[in-house]
Every structure is written in C-alpha cells, then in structure tokens.
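Step one of this worksheet: look at the structure below.
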Amino acid sequence: MNDLEKKIDGDLKLHQSFFDAWKNEFNTERPHEALGMKTPAKFYTKSRRKYKPADEIKYPEGILSRQVNTRGYINYRGRRVFVSNAFNGFNVGVDEFSKLQSRVLFANNFVGNIDKIILSLLQMRNLLL
C-alpha cells in the first residue's frame, strides 16, 4: 500500500480507481516470494461454500438496538456517536445502566461505555463498570 501513499489527489471515486489498478497489478503481475515467485492470482480458487450472512443480533428487552452505519456511527439520543467501523452494518446493544453512562454491547461482548453528557464512547480509563 505504500505505493499509493500521498500520490492521489481528488475524490473517492478517483481514489478507488487508483486502488483497483494497484490491486490488479499486485494480484496478477507482481510475483511474491512467499508464493515461490508466483502471483496470488495463480493460487486463487473460488470457494465452493455459499456465503451465509450473519443472523441479526437480538438484544434482550430493555437494551436498545442501534444499527452501525457505514462510517461506524450509531444514532443515540438524537446525535451520532462513533462506535467502531468493525461493526458496520450490524446492530449493537445500548444498555442505559446509569445516569452518566450507557454500556455498548456487540452480541454478548462489551464494547465500551457512552458518556451521556458528551455523547462519546469513552476510553477504558474513564469507564464505570
């Protein structure tokens, strides 16, 4: 990816076209030492397994369900709060467990707490557990 750093001005569409060209060269033209000086395209085979999307995550009664948008944000209390790009397209749970903070969950996994005053996900050192 260093090949592309600081070389592209313009909008996202232009950036994508440069990335697509780089990806094609990387996979079909450049030999890789780890592959015995062959290209990744020589090794690629389409999977025989059919893609099965993940089931929608259901949260218990009393826990709000919020969908994470393509930029990693949820809508909470009329504002957008950044949670993480890792959850794009999925629902996270928001447990309003105290007056000051709400707990964010992904399935049964703790993600972090939202500070209800500044409406921001807190760093670990500021959490109420």
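Rule-based calculations on the coordinates, nothing more; no lab input. Everything quoted here is computed from the prediction, not taken from an experiment. Here the Cβ positions follow ideal geometry from the backbone for every residue, glycine too, while neighbour counts run over all protein chains shown.
Here is a yes/no grid of residues against (1) among the small types (G, A, S); (2) out of contact with any helix residue (DSSP H, G or I) (no Cβ under 8 Å at 6 or more places or on another chain); (3) at negative phi:
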| site | (1), (2), (3) |
| --- | --- |
| A21 | yes, yes, yes |
| T28 | no, no, yes |
| L35 | no, no, yes |
| K50 | no, yes, yes |
| R71 | no, no, yes |
| N88 | no, yes, yes |
| I118 | no, yes, yes |
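One residue stands out among those in the range 32-64 that are surrounded by 14 or more Cβ atoms within 10 Å (Cβ to Cβ) and part of a strand (DSSP E or B): the one that is nearest to the chain's Cα centre (by Cα), which is L64.
Yes/no per residue for (1) under 18 Å from E56 (Cβ atoms); (2) small (G, A, S); (3) surrounded by 11 or more Cβ atoms within 10 Å (Cβ to Cβ):
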{"residue": "N75", "(1), (2), (3)": "yes, no, yes"}
{"residue": "F82", "(1), (2), (3)": "no, no, yes"}
{"residue": "G89", "(1), (2), (3)": "yes, yes, no"}
{"residue": "V92", "(1), (2), (3)": "yes, no, yes"}
{"residue": "E96", "(1), (2), (3)": "no, no, yes"}
{"residue": "K99", "(1), (2), (3)": "no, no, no"}
{"residue": "N109", "(1), (2), (3)": "yes, no, no"}
{"residue": "G112", "(1), (2), (3)": "no, yes, yes"}
{"residue": "S120", "(1), (2), (3)": "no, yes, yes"}
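Residues checked against (1) in contact with a strand residue (DSSP E or B) (Cβ under 8 Å, 6 or more places away or on another chain); (2) under 30 Å from N109 (Cβ atoms):
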site	(1), (2)
S17	no, no
W22	no, no
A34	no, no
Y44	no, no
R48	no, no
P53	no, yes
I57	yes, yes
R66	yes, yes
